[in-house]
Amino acid sequence: MGGGIIVKISRANFIVITTTLFIILFLFQFVNLSTIYTSKATTNHYLETTDFIAKEQTVLPVHLKDKKTYSTAIIASSDDTSGSIASEWCLFTKRSYYCFDSLSTFRKDFSKSCNMLILGKNTVTTEADIFYLDSLCQKRIHLLFTSLPETTLIQKSPQLRRILGIKQVEKSDFKTSGTTIYEGFLLGGTTVYPKMKIRIPYFSLLSGTKTYMVGNIKKQKQNNIKNENLPPIIWRNGTQKNTVFCLNYDFFKDQTGLGLLTALTADMGSYALYPVVNAQSVVFQNLPYCANENSDTIKKRYYYDSKALCQNVIWPDIVSILEANNEKFSGMIAPKLDYKDSTPSDRNTLLFYFKQSEKISGELGLSGDQISDIKSYEKKLKLDTAFLQDVVPNYTFSAFSPGQMPESVYGAHLGNLGEKNILSHITTLIKNNDTTLASENLFYYYNSRVLALQTTGNGFRHTNFDDLRLKALETSLAFSCVSLDFRKVFYPHSKQDDWTKLSKNYSRYAKTYRNAFNKNFQQTTVSEASKKARRFLALNYSVKEAPDKIHLTIEHFNKEASFLLYLPNKKIASVDNASYTEIEKDRYLITASKDHVTINTKMQE
Amino acid sequence: MNMQLQTLFELIQCSLAYMVCFLLLPYLVLNRQLKEKSLTDKFLSCLILGNIYIINIVFLIFLLHIPGRITLILAAILPAFFIWKKLNHPRILQTLLFLYKSFFKLLTGEAKIRTIFRLVFHRPKKVLLRTIKKSIQHIRCHFLEWCFLLALSAFNIWYYSYQTFHTYSYGTNDLVVHHSWINQMLQGNIFCDGIYPFGFHNVLYFLGSIFGIPLVSLFRVFSVMQMLLIYLSLYFLTKKLCRSRFMPYLGMLIFTLPNLFNFQSTMRYQWTLPQEYGMIFLYPCAYYLIQFFDRKRAELVKEKELTKKRKLYTWLALYQIHPSTKSLVFFAISFSLTLTAHFYITIIAFFLCAAIAIAYFPTVFYYRYFFPILTAGLISLFISVAPMGAFYLQGTQLQGSLYWALSAMSDGNDSTQAADSEEDDDNDTHSVSDTGKKTPSLPSQAVLQDKGNAKNTNKLSLTEKCRQAVTGLYHRIANRAVVYTNKLKNANHTLISSLDKEYNSHTFSTALTYATELFLVLSFFAILLWRRPAARNFFAVTLYLFLMILLFSAEDLHIPAVMDHARACIFLAYATPLFLTCLAEAVYLIIAKPMHYRFYTELLPIGLCALVAFLTIQNNYIKKLNIVYSIQQPGEMRCNYEIMKKYPEKDWTIVTTTDTLQVIYYKGWHYELNTFLGKMAPFKRETVETIPTKYVFFYIEKKPIVLESFSFLNHPIANSGVVSKEHARKRAYYKTTAPYTADNRLILESKFYYWAKAFQNLYPQEFTVFYEDDSFICYRLKQNPEHLYNFAIDYGYNN
């Protein structure tokens, strides 16, 4: 020490250094303090107060269904889900349509403006039907078979085979070892589904057909089978006058059919322009979780109690995954899950999540789930109302995800402004199903105020069929609403419910399957998605084509509207009154900023 | 890009590339050696050395089996660099050291970057400024000459590039063959079809490889550069032969503007072909041979003079290589280049050199002339034949056309004999016809008289005998003279009628025939009288033209024909302006002599040029646009360009006739039309016809071309009609050896057209029109390469 160097600084320098340090300290602290004092975490930014689109302002099936002027005829029996899916598709694409239960009834009410016929299961059964279909082909009416007639009938009738573009029936029943979708059909390009093993009749096709989806065959190379000879699943047969689309498997069990209809009909003209929702959202069911229940079990698994696990493990994981995939957070709060347990919901925990959610621009709604008996749902609503109004009295909940809660419990409260219930101001109802229900529309008005959105997939589990549905819905509506249910994390039943596994599954799902769509379409919270869906339901549009131009006119335009343009042989030169992005080869997302859009096109290089 | 703009860009690109490699590079290497030389000498030296160097570099890398872009660049640059270093002694090490030091000075802050830049670029800046100054000075002194040259060149560029700019397609079938050979070279396979003079191919291969210029572009536009060089070599030779500064322009003007020659004489200049490329080196042979005689004469005079003064060693020390030897080297190289490019040019070069040799008789046989020329000749043969010989020894066979040429030559010998015998017969016929007229021929009259008087011979006195003998001799000579005069007259008539095929004016061909003969005699006498080089040169040129006339009229004159009419007419046309210029120059020399060839005497050639130009324009006698044997529709070439430019390599196939095959070779795939249609004729349900690429283009000629049939450039391309159902119904021949000839082509294209219409109904979105005009349509099909479309359909005309 004795030999140390003594550095002398002048008084002036000392003052400058000290001042600088104080300024730095102040600036850093100022940021924190200002954040705390200006925080509006307990206010719902996503609550719609103005420009609220009610059911009456939207295009409803009543407006489109017309027995005399329909352009699309749907032939399906009442128990055939393809009929409801086709009707929903017509509603979303704003087509005038009419539903018939058989070809004979359609024949009676045939409209001259009809240019497309969607045929459901078992609608073609007799020679007379086939003969009539042939006459429709001559009238330049496009046919779309959501599932093919009986194989025996196809085998018997050369006329039907010619209509369908089938050369011959190779095998009446064949199990594929997977399926392949080819590029240019659905968004996402060529995809092989090795686990989509389906049983279909094996046909060989005539020239003049275009195949969109085929079944794979084991040892294809060894058996020297060409790709062109693989069992076709979805194809198009071009005749000299019309186009016939055939689906050799029933994809109309759920909303997958929506996307297939869009993708197939897009291939009918030189371009296709249709409205989309343009919203990608993720619903975290039962997160945030504000109680410390089931802690013994949780501690055994994670060495944390439930509250700590949620705050210190799950929340950071979720934030990092969301950030990595540019997704937005929509959390459905579960103040408690076990309403028989006396452990109270933690006030500070709730406030913590409100603050954290604000930081990542997330939205918080309410979950309807609990694990006790069915009688506890009523109790849950009461307790939650009391707890939430006590902790966050200024926060008006606009999103509600009932989960397992029976409709009878929450139905009456939704949108009932006269009532002092936590559900009174709800505008978005999340119908949390593992798979979308074909019986219900993907989104529809629950009542005049509340829009119900069906979730489109489970973020913890993604099968080949789920992926097909995801791609189909993105192609058709640019919409997805993924649900992640955290109830099983806090009340696990098996090793599969371990968060380490579930977080990996979710991360893989987001990165692998949704990433392309996340990049191209807009990330939203559920309320934002709801707002977009309302605009989508409200608008109507007309398209006119001129040389190197496409004119789009939008009725009931509200601030913005999104459209998908499929333009296979040209490319966009410029767009007036809208912005556009190329989301994939030949596909563009058009975001209109005015009610009249002109798309200038040029020849593709 | 607009096709015409694209063509212009390619033209500039090709011309610049050629000039850099074949003119600028040799000039930079031989900068010091060329310093004192005239611009003409510099230009010709660079052109010839550049060509011989690069052609042999290409041969070398193929002989070593190392073809490739990098090896080619190294092989071209490294020897040139070492030669440059050897000849110019550049201070490379010092320069590098200076740069190194400067860099460190810059880092240490001892010098500013501006100072270093100033030092580094001081010399280049000086050289550049000096060059600009010299160029301006040169142009100022020769302004009118440059104006003449540029005007004539501009007209020629317009005239000969008209086809390239308007039809875009290949003008003749030959191009396809040469294109395929160079395509093979790009794949590392020289002489793919056998040994052939590959000089021209090497040049195009070099340009294509080094600069990445597509061969199709080179074949379309290189002809313009080639044509300019052909015209320039005519200009340079006339410049060498003329004393007047402006007389050479007369030759160029005659060859450029008036509609004197048959279209066949100049049509090939529109196309990039080896024979035309070889023509560039034809007149330089004469140029350097004449230069050799001039220089050698001057050297011998000087040598004699200094030997007398006993200062010979002083004189010898002046030169490392005698200027005459240099001329002879350039002559040898030029001659070898003719042989490297095309055999026909060598034949003509031989005639030209022979004419010069005869003109310089007997000087040419002096040992100081004869042996160097002989050595040069042998060396030139060796230079050109050696690479081909090396490949032959490696086992490559001769190309078919060479066998054909050899057999033709042997046939020619046979025909010579036949011609001789025919000539004899003709002679007999003539005599018969003479007697036939019942006018006894003079010799027989003399014989009769001789017989009648034989009895009285003994009785006659010596004086009488002498008188009779003289009279007899006189009659005999007169008789012979009449016979030969008649023969000459007949030959002249034959020549004139033959030349009528070459020249568009009968008067001109008559005048030219007589003028050639007259001036051949006059210049011969001029040589005897004056022995001046000018007279010898004039005689050589006249003799050369005369030989060209004989070559052209050989068949009509029943003498052995070395080459066919179509080829000979090109060389005759090329020789004509040379002769006319020399003729005008001779007149100028005589008229301007009293005025001592002062500058104002130049008004005479200027006036003559102006008069020729004026009369040509006044009488609307300007050369008409030439003909073209199109093998593709303009739209087809346009599509080829578009596809090659915009679609990924090997990701597309074109279904068409074979005319486009070489153009797209190695870029994409080609599927032949007759195979395509043949597979679905007749239609069977089980027929599967697929093409495994993402994009498939279908070229359909709505007005099918008639191959081997020409059309004038301002007229539509020769076609066999319009595609129709009637033709589609007819039976087509799919497996014939020539499926695309007139009728079958029309039938095939008609079927193809209706196939496309039917297929478009099935795939309206995927099968779209890519390009369409009045005579051509191109469809594009986009398919999934993993699941291909079956093209075999029943389109209604599958027979």
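Only the coordinates and a few stated rules stand behind these numbers; no lab work does. This one's a predicted model, so the numbers in the text were calculated from it and none came from an experiment. Note that each Cβ is placed from the backbone with ideal geometry, even for glycine, and that neighbours are counted across all protein chains shown.
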* To do: Just need the relative contact order of region B:197-353 here, percent rounded to a whole number, with Cα pairs under 8 Å and 6+ apart.
  => 32
* Structure fact -> Within 10 Å of the Cβ of an average residue in B:756-766, the count of other chain Cβ atoms is 5
* Estimated FRET transfer efficiency when R0 is 60 angstrom, pair B:I622-B:R467 (beta carbons, to 0.05) -> 0.35
* What ³J(HN,Hα) values, in whole Hz, does the Karplus curve 6.51 cos²θ - 1.76 cosθ + 1.60 give for region B:699-712 when θ = phi - 60°, with x put for Gly and Pro? -> 9, 10, 8, 6, 10, x, 6, 9, 5, 6, 10, 9, 9, 6
* Approximate spin-label separation A:V319-A:D109, in nm, with each point projected 7 Å along Cα-to-Cβ -> 5.8
* Among the listed pairs A:K55/A:K420; A:K300/A:K380; A:K300/A:K488; A:K108/A:K139; B:K684/B:K751, those beyond 19 Å (Cα-Cα) -> A:K55/A:K420; A:K300/A:K380
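For n ≥ 4 DSSP H runs only, could you compute -39500 (n - 2.57) per run for chain B, divide by its residues and tell me the 222 nm figure to the nearest 500?
On the way: 31 runs with 539 residues, N = 799.
Dividing the helical sum by the residues of chain B leaves -22500 deg cm²/dmol.
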* To do: Kindly flag which residue pairs out of A:K175/A:K226; A:K67/A:K559; A:K571/B:K650 have an alpha-carbon separation exceeding 25 Å in this structure.
  => A:K67/A:K559
* Structure fact -> Taking the alpha-carbon centre of each part, the distance from region B:168-203 to region A:547-600 in Å is 51
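Which FRET efficiency value, to the nearest 0.05, is calculated for B:Y367 and B:A298 with the Förster distance at 25 angstrom and r the Cβ-Cβ distance? The partial results should precede the final answer.
Values: r = 18 Å, r/R0 = 0.72.
With R0 = 25 Å, the Cβ-Cβ based efficiency is 0.85.
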* Structure fact -> Sorted by chain and number, the residues with a modelled amide H under 5 Å from that of A:S483, at a separation of 5 or more or across chains, are A:V283, A:T456, A:G457, A:N458, A:G459
* Structure fact -> Taking every residue of B:782-792, the Cβ atoms of other protein chains inside 10 Å of its Cβ average out to 6
* Sort B:124-135, B:689-700, A:303-314, A:574-585 for me by packing, meaning the mean count of neighbouring Cβ atoms within 10 Å per residue, highest on top. => B:689-700, A:303-314, A:574-585, B:124-135
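Treat every Asp and Glu Cβ in chain A as -1 and every Lys and Arg Cβ as +1, leave all other atoms uncharged, and give the resulting dipole magnitude about the Cα centre to the nearest 20 debye. Don't jump to the answer; show the numbers that get you there.
Details: 74 positive and 57 negative charges, 259 e Å.
Its charge dipole is roughly 1240 debye.
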* To do: Using per-residue counts of other Cβ atoms within 10 Å, averaged over each peptide, order B:62-75, B:754-767 from highest down.
  => B:754-767, B:62-75
* To do: Count, for each residue of B:45-57, the Cβ atoms from other chains sitting within 10 Å of its Cβ, then give me the mean as a whole number.
  => 0
* Identify all aspartates and glutamates with a Cα-Cα distance to A:K336 below 13 Å; exclude those on the same chain that are fewer than 8 residues away in sequence. => A:E293, A:D346, A:D369, A:D384
* Asked: With the contact rule set at Cα under 8 Å and sequence spacing of 6 or more, what percent relative contact order holds for chain B?
  -> 13
* Structure fact -> Going from the fewest other Cβ atoms within 10 Å to the most, one would list A:K531, A:K218 as A:K218, A:K531
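In which sequence would B:Y666, B:Y205 go, from the one with the fewest C-beta neighbours within 10 Å to the one with the most? Mind dumping the intermediate values first?
Details: B:Y666 12, B:Y205 26.
Neighbour counts put them in this order, fewest first: B:Y666, B:Y205.
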* Please work out whether region A:140-218 counts as rounded, prolate or oblate from its C-alpha gyration tensor, where a ≥ b ≥ c are the square roots of the eigenvalues and a/c under 1.5 means rounded, while otherwise a/b larger than b/c means prolate and anything else oblate? => oblate
* Structure fact -> Partner lysines whose C-alpha sits under 18 Å from that of A:K156, ignoring same-chain residues fewer than 8 away, are A:K167, A:K171
* Pairwise centroid distance, computed over Cα atoms, of region A:109-184 with region B:359-404, Å -> 79
* Structure fact -> Checked region A:74-181 against the a/c 1.5 cut and the a/b vs b/c comparison, axes a ≥ b ≥ c from its Cα gyration tensor; verdict oblate
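Roughly what % antiparallel, to the nearest 5, for the DSSP beta bridges in chain B?
Details: 18 of 27 bridges.
Percent antiparallel among DSSP bridges in chain B is about 65.
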* Structure fact -> So, with points 7 Å from each Cα along the Cβ direction, the B:N88-A:A308 label distance in nm works out to 8.2
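What 222 nm value per residue comes from the helices of chain A, counting each DSSP H run with n ≥ 4 as -39,500 (n - 2.57) and dividing by all residues, nearest 500 deg cm²/dmol?
Working: 18 runs with 184 residues, N = 605.
Here the helix-only value at 222 nm equals -9000 deg cm²/dmol.
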* DSSP beta bridges in region A:400-497 [antiparallel fraction, %, rounded to 5] -> 35
* Structure fact -> Quick note, the protein assembly as shown: a/c under 1.5 would make it rounded; otherwise a/b > b/c is prolate and the rest oblate (a ≥ b ≥ c, C-alpha gyration tensor); here it is prolate
* Structure fact -> One finds the C-alpha centres of region A:261-304 and region B:80-133 to be spaced, in Å, by 68
* Asked: For the cross-link pairs B:K725/B:K757; B:K42/B:K311; A:K219/A:K585; A:K511/B:K694; B:K37/B:K304, which exceed 23 Å when the distance is taken from alpha carbon to alpha carbon?
  -> B:K42/B:K311; A:K219/A:K585; A:K511/B:K694; B:K37/B:K304
* To do: Arrange B:Y474, A:Y339, B:Y671 by Cβ neighbour counts within 10 Å, fewest through most, would you?
  => B:Y474, B:Y671, A:Y339
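Relative contact order, percent, of chain A when contacts are C-alpha pairs under 8 Å separated by at least 6 residues?
Numbers: 1190 pairs, mean separation 84.5, N = 605.
It rounds to 14 percent for chain A.
To the nearest 20 debye, what charge dipole does region B:71-209 have about its Cα centre, counting +1 at the Cβ of each Lys and Arg and -1 at the Cβ of each Asp and Glu? Could you put the intermediate results ahead of the total?
Working: 15 positive and 4 negative charges, 323 e Å.
With Lys and Arg at +1 and Asp and Glu at -1, about 1560 debye.
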* So which lysines pass the test for B:K308, namely a Cα distance under 28 Å, with those fewer than 8 places away in the same chain ruled out? -> B:K296, B:K326
* Asked: In the neighborhood of B:K501, defined by Cβ-to-Cβ distances under 11 Å, what is the net charge if each Lys or Arg adds +1 and each Asp or Glu adds -1?
  -> -4
